[in-house]
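The values are calculated or read from the model by the stated rules, or taken from the named source; none is laboratory data. Predicted, not measured: the structure shown is a model, and the values here were computed from it. With ideal geometry, Cβ positions are generated from the backbone for all residues, glycine too; neighbour counts draw on all protein chains shown.
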Amino acid sequence: MGRMTTAEVQAGNTGKDAEGVLKAVFGFEGFLGGQREVVDQLLAGRSALAVFPTGGGKSLCFQLPALMLEGMTLVVSPLIALMKDQIDFLVSKGVRAARLDSSLSSEEARAVWDDLWNGRLKLLYVAPERFASERFIQRLRRSSISLMVIDEAHCISEWGHNFRPDYLKLADLSRELGAERVLALTATATASVSEDICKSFAIVPEAYINTGFHRPNLLMRATPCSKPQRDTLLIEHLTTRPRGATIVYVTLQKTAEQVAGFICTRGIPAKAYHAGMDGDVRHAVQDWFMGSPEAVVVATIAFGMGIDKADIRYVYHYNMPKSLENYMQETGRAGRDGQAACCDLLVCPDDVATLENFSYGDTPTLEAVQGVIGFVLDQPDTFDVSIYELSTAYDMRKLVISTLLTYLELEGVIASTGPLYNEYKFQPNRSSTEMLEGLDPDRVRLLRALFSRATKARTWFTIDIGAAAAAMDEPRERLVSELNHFEDQGDLTLKVTGLRLGYRFVRRPDSADALARMIYERFQTSEARDMVRIGQVVELASMTSCTVRKVLDYFGETLDADCGHCDRCLGEPIPPMPPLRDVAMAADDRALIAALAAEGHAALASPRQMARFLCGLSSPSAARAGLTRDNRFGRLAHMRFGNVMDAAAQ
C-alpha cells in the first residue's frame with residue numbers, strides 16, 4: 001500500500017488499516033504496548049478504559065481512531081496545555097482539530113463554533129466545565145459524535161483521589177449526546193476506581209486495558225527527614241548529581257518562591273511556577289523548561305499536567321504528595337524517554353498538618369449542610385439554583401456545593417435537567433431589519449417581541465431569557481435557539497452570564513434531617529479517606545522493604561520479586577522517621593482564639609469556621625467580610641486542624 005495523505009485518511013479511504021494511518025499521519029512504525037488493543041476495541045464499536053502510565057501513549061489511542069471514524073471525536077480534558085500541544089500537532093498534519101476554552105479570542109471562538117455547526121471538525125477538545133453551557137450542549141446535540149474521550153477519568157469515581165462532581169455527569173451526557181463509543185483514560189486508577197469507570201460507561205472486561213504501572217527505568221527513593229535536613233538533602237542532590245531537567249514539587253505557592261530562591265543562591269538557575277503567577281510569566285517559565293535540558297522548576301502540582309517533555313531526569317518531592325495516586329502521577333513525568341531517571345520523595349512529618357488542613361477545610365459544618373438541603377427541599381418539583389449564591393449563603397466553597405448537589409443526585413433525590421443562564425447579552429453586527437429580512441411573519445413577530453425586551457447599555461443589549469420566555473409564553477429553549485442561530489450566522493455576538501443549574505425532584509425524602517446527616521457523614525467519610533491517603537505516603541518512607549513493590553501493590557499490580565532499582569533494594573541507608581509532632585497550643589494561641597470569639601464575627605461563628613481562618617483556609621464568608629486580609633489569618637497554619645478546632649470549640 002502506498003503512503004496515504006491525511007486528507008485521504010479523513011475521507012474514510014483507509015478501511016481498517018490502523019497501521020497505515022499510524023505510519024502515514026503519525027510517522028510511527030509500530031504501536032506501543034496496549035495501544036493496538038485499545039484502537040481495536042474502539043474500531044469494533046466498543047467503549048474502552050485505558051490505564052496507561054504517564055507518557056505511555058494515551059493520546060494516540062483516540063487520535064488515530066478519530067481519523068478512521070466518520071463523525072467527530074469529542075475530547076474532554078482539564079489540561080489546557082495538553083489540548084494546545086495536541087491540536088498544534090494535528091493541525092500541522094492537516095487534521096481539522098480545535099479547542100474551546102477561555103483563552104480563545106472572540107474571533108477564534110466564533111471560527112470554532114462555525115466549524116462545529118457545519119460539521120467540519122474531526123476532533124474538538126473541551127474542559128468538563130464547558131458542559132455547563134446550554135448553548136454548547138444544544139450544538140452538540142446536532143453533531144455526530146463517533147467517539148467521546150474522557151481524560152483523567154479517575155475523577156469520575158468518588159473512591160478516587162481527585163473526585164470532581166462535573167465528571168460524574170459525563171456518563172449520562174455521553175448517552176444523551178448519542179456518542180457511539182467512549183474511551184476513558186487515566187494513569188492512576190486503583191482497582192475500585194477502574195471498576196467505577198467501567199460501570200459508568202458500560203465497558204466490558206475485555207475492553208479494560210491496563211499496561212501496568214511498573215517503570216524499571218525510574219530509581220525511586222523515599223527518605224524520611226526533618227525540616228532542616230530536607231533543605232540539605234535537596235541541595236546535595238542538585239549539586240552532586242549530573243545536571244538534567246528537574247521538577248521540584250511543593251505544596252504551597254509561597255514555598256515555590258522560597259525554594260526556587262534558595263536553590264538560586266547555591267548557584268543553580270531555578271524558577272518558580274504556581275497558579276498565583278501571571279499567565280504570561282507561567283508560560284515563559286514553561287517555555288524555558290521545555291527548551292532546556294538542565295532547567296530546574298520549583299512548582300505546585302499545577303505544573304506538569306500535559307507537559308510533553310520526555311527527558312526529565314529528576315522529580316523531587318520537597319513536600320509530600322497528598323496520596324500515592326498523586327505520587328505515581330507526578331513521578332510518572334520523569335524518564336519518559338526510557339532513559340534512567342531519579343524520583344526522590346522527601347517525607348517530612350511537618351508536612352502532614354498542611355495536607356490534612358486542606359482536606360479539613362473543605363468539610364462543611366452539619367448546620368451548613370442542613371441549610372442547603374432545607375433550601376433545596378423548599379423548591380418546586382422543577383427548579384434551578386446558583387452555585388455562587390448557595391456558596392455565599394452557606395459559607396461553602398463552590399466545589400463543595402457542587403459536590404453536595406451531586407450527592408443528592410447519587411441518592412436519587414434530584415436529577416439534573418442541565419445548565420442554564422439568566423442573562424443573554426448580544427451586540428448586533430447587522431441591523432434588525434437586515435437580520436429579519438426573508439423570515440416568515442410568525443418568526444418575525446416572535447423575534448421582534450424578544451428583542452423588544454432587551455435593555456441597551458453602551459454597545460451591548462441584555463435579555464433576561466427566563467423572564468422573556470415566561471412573558472411571551474414561549475419555551476425557553478426556542479428563544480435560546482433563535483439567539484444561537486443569529487450568532488451562527490454572524491449577525492450578532494453573544495455572551496451569557498448568571499449560570500444556574502436546573503434540577504427536578506425524583507423523590508422527596510421522608511426526613512430532611514436524616515438526609516442531611518447522611519450527606520454530612522459522606523463528607524466526613526471523604527475527609528477520613530484523605531487522612532488515610534496521607535498516612536500511606538508517610539508509611540512508604542517508614543518501611544524497610546521494596547518501595548516500588550509497595551506502590552505497585554496499592555494499584556493492584558504484583559511483582560514476582562523485589563524491583564531491584566529502588567533505594568531499599570540497592571541497600572541505601574534509610575534514616576529513621578522523625579516523630580510526628582503535635583505543636584502544643586500555647587497560652588497566647590488560646591488568647592487569640594478567645595479574642596476572635598469575643599469579636600463576634602458572623603463568618604467565624606462555628607469552631608470549624610474559626611479553625612479554617614486560623615489555619616489560613618479561606619471561605620466565602622471570611623473573604624466577603626474581609627477577614628482574609630486580617631493579620632491573624634493563617635496564624636496557626638503550622639498546627640493540626642483538629643487541635644485548632646477543638647480549642648475553638650472550648
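Residue-level check: of (1) under 16 Å from Cys198 (Cα atoms); (2) among the hydrophobic types (A, V, I, L, M, F, W, C); (3) touching a residue at least 60 places away in the same chain (Cβ under 8 Å), Leu173 misses just (3). Give the number of residues within region 65-117 that are of a type outside the set (A, V, I, L, M, F, W, C), in contact with a helix residue (DSSP H, G or I) (Cβ under 9 Å, 6 or more places away or on another chain) and either assigned to a helix (DSSP H, G or I) or closer than 24 Å to Leu494 by Cβ (or both). Residues flagged as of a type outside the set (A, V, I, L, M, F, W, C), in contact with a helix residue (DSSP H, G or I) (Cβ under 9 Å, 6 or more places away or on another chain) and either assigned to a helix (DSSP H, G or I) or closer than 24 Å to Leu494 by Cβ (or both) within region 65-117 amount to 9. The residue that is nearest to Glu539 (Cα to Cα), counting only those in region 593-604 that are outside any loop (DSSP other than H, G, I, E, B) and within 37 Å of the chain's Cα centre (by Cα), is Ile593. For region 174-186, name all the residues that are surrounded by 21 or more Cβ atoms within 10 Å (Cβ to Cβ) and in contact with a helix residue (DSSP H, G or I) (Cβ under 7 Å, 6 or more places away or on another chain). Matches in region 174-186: Arg181, Val182, Leu183, Ala184, Leu185, Thr186. Taking (1) within 16 Å of the chain's Cα centre (by Cα); (2) free of Cβ contacts under 8 Å to residues at least 40 places away in the same chain in turn, Ser157 satisfies each apart from (2). Identify, please: which residue in region 449-492 is loosely packed, with under 12 Cβ neighbours inside 10 Å and among the charged types (D, E, K, R) and is, among those, modelled with the lowest pLDDT? Going through the qualifying residues, I end up with Arg458. Of the strands (runs of 3 or more DSSP E) lying entirely inside region 249-322, those carrying at least 1 residues that are hydroxyl-bearing (Ser, Thr, Tyr), at pLDDT 90 or above and closer than 19 Å to Leu218 by Cβ are 312-317. For the criterion of being assigned to a loop (DSSP other than H, G, I, E, B) and free of Cβ contacts under 8 Å to residues at least 40 places away in the same chain, Gly616 fails.
Test Phe289 against the criterion of being surrounded by 22 or more Cβ atoms within 10 Å (Cβ to Cβ) and not β-branched (Val, Ile, Thr), and give yes or no. Taking the combined requirement at face value, the residue satisfies it.
Within region 365-415, the only residue that satisfies the criterion of being closer than 18 Å to Glu134 by Cβ, of a type in the set (S, T, N, Q) and surrounded by 17 or more Cβ atoms within 10 Å (Cβ to Cβ) is Ser402.
Conditions (1) modelled with pLDDT of 85 or more; (2) in contact with a strand residue (DSSP E or B) (Cβ under 9 Å, 6 or more places away or on another chain), marked per residue:
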| site | (1), (2) |
| --- | --- |
| Ser59 | yes, yes |
| Leu69 | yes, yes |
| Val75 | yes, yes |
| Ala81 | no, no |
| Phe89 | yes, yes |
| Asp101 | no, yes |
| Asp115 | yes, yes |
| Arg142 | yes, no |
| Asp166 | no, no |
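Restricting attention to region 193-212, the residues that are more than 15 Å from Cys155 (Cβ to Cβ) and not in a helix (DSSP H, G or I) total 8. If you go through region 376-412 and pick out every residue that is outside any helix (DSSP H, G or I), without any contact (Cβ under 8 Å) to a residue 60 or more places away in the chain and within 25 Å of the chain's Cα centre (by Cα), you end up with 0. Report yes if some residue within region 334-351 is out of contact with any strand residue (DSSP E or B) (no Cβ under 9 Å at 6 or more places or on another chain) and buried (at least 19 other Cβ atoms within 10 Å of the Cβ); otherwise report no. Looking for residues that are out of contact with any strand residue (DSSP E or B) (no Cβ under 9 Å at 6 or more places or on another chain) and buried (at least 19 other Cβ atoms within 10 Å of the Cβ), one finds at least one in region 334-351, hence yes. Pick out the one residue from Thr265, Thr246 that is surrounded by fewer than 19 Cβ atoms within 10 Å (Cβ to Cβ) and hydroxyl-bearing (Ser, Thr, Tyr). Answer to the check: Thr265.
Which residue out of Ser92, Ser143 is in contact (Cβ under 8 Å) with a residue 40 or more places away in the chain, surrounded by fewer than 23 Cβ atoms within 10 Å (Cβ to Cβ) and more than 14 Å from the chain's Cα centre (by Cα)? Within the list Ser92, Ser143, the selection yields Ser143.
Residue-by-condition table, conditions (1) buried (at least 21 other Cβ atoms within 10 Å of the Cβ); (2) of a type outside the set (Val, Ile, Thr); (3) touching a residue at least 12 places away in the same chain (Cβ under 8 Å):
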| position | (1), (2), (3) |
| --- | --- |
| Arg46 | no, yes, yes |
| Gly55 | no, yes, yes |
| Lys58 | yes, yes, yes |
| Leu67 | yes, yes, yes |
| Thr73 | yes, no, yes |
| Ser103 | no, yes, yes |
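Scanning region 110-139 for residues that are under 19 Å from Phe426 (Cα atoms) and free of Cβ contacts under 8 Å to residues at least 24 places away in the same chain, we see that the one that is surrounded by the most Cβ atoms within 10 Å (Cβ to Cβ) is Val112. If the condition is being buried (at least 17 other Cβ atoms within 10 Å of the Cβ) and part of a loop (DSSP other than H, G, I, E, B), then region 553-584 contributes Phe555, Cys563, His565, Asp567, Arg568, Cys569, Ile574, Met577.
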